[in-house]
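Notes follow once the structure below has been shown.
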Amino acid sequence: MEGILVPIALFAMVVLLVWIGTESKKNRLREQAEARRRLLDKFASGQELTEFLATQQGQAFMKSLESLPSQFPWPGPKQRIIGSIGLGIVLVVLSSACFALMYYEQGFVYPGTFMMALGVGVLIASAVSYLLHKKWGIL
């Protein structure tokens, strides 16, 4: 039983760490956007805003807004599909390695099967996503 729990716990830990990192980045970006929105809400008129933007602090504020997309880029559908295909291929290759190691140690059958199912599932999802994007004219 311990042979099964260790890989599952390791996988769960990696998933948890990735989730925590993603959530903290989203929260930081949300707080930055909220602070910028509150700053813009303080201006009563467009003239006050124009005067602020003419100052050095206003220029710095605009530069921070321009750099926002580069801090958190949103990939397009092609990049997401290609990334999913890459992930699927990596999972299938890793599962194949586990199956090859089964010759020496029978304990690799469960992680190999699990990774193969994940890899094939990601590849199928990528294919469906590609077909739907193509059908809807998004690509």
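Every number in this text was worked out from the coordinates using simple rules, so none of it is lab data. Quick caveat: nothing in here was measured; it's all calculated off a predicted structure. Heads up, the Cβs are rebuilt from the backbone with ideal geometry, glycines too, and the neighbour counts pull from every protein chain shown.
General observations
- Among [x] 2, 7, 10, 10, 7, 5, 6, 8, 9, 8, 7, 5, 3, 3, 3, 3, 2, 1, 1, 0; [y] 2, 8, 10, 12, 12, 11, 10, 9, 8, 6, 5, 3, 2, 1, 0, 0; [z] 2, 10, 18, 20, 17, 12, 9, 6, 4, 2, 1, 0, the entry that matches P(r) over Cα pairs in 5 Å bins from 0, in percent as calculated here: [y]
- Those lysines that a straight Cα-Cα span of less than 26 Å connects to Lys78, excepting residues fewer than 8 apart in one chain: Lys25, Lys26, Lys134, Lys135
- Residues Gln79 and Tyr110, FRET efficiency given R0 of 35 Å [Cβ-Cβ distance, rounded to 0.05]: 0.60
- Computed E for Ile89/Lys26 - FRET, C-beta separation, R0 25 angstrom, nearest 0.05: 0.35
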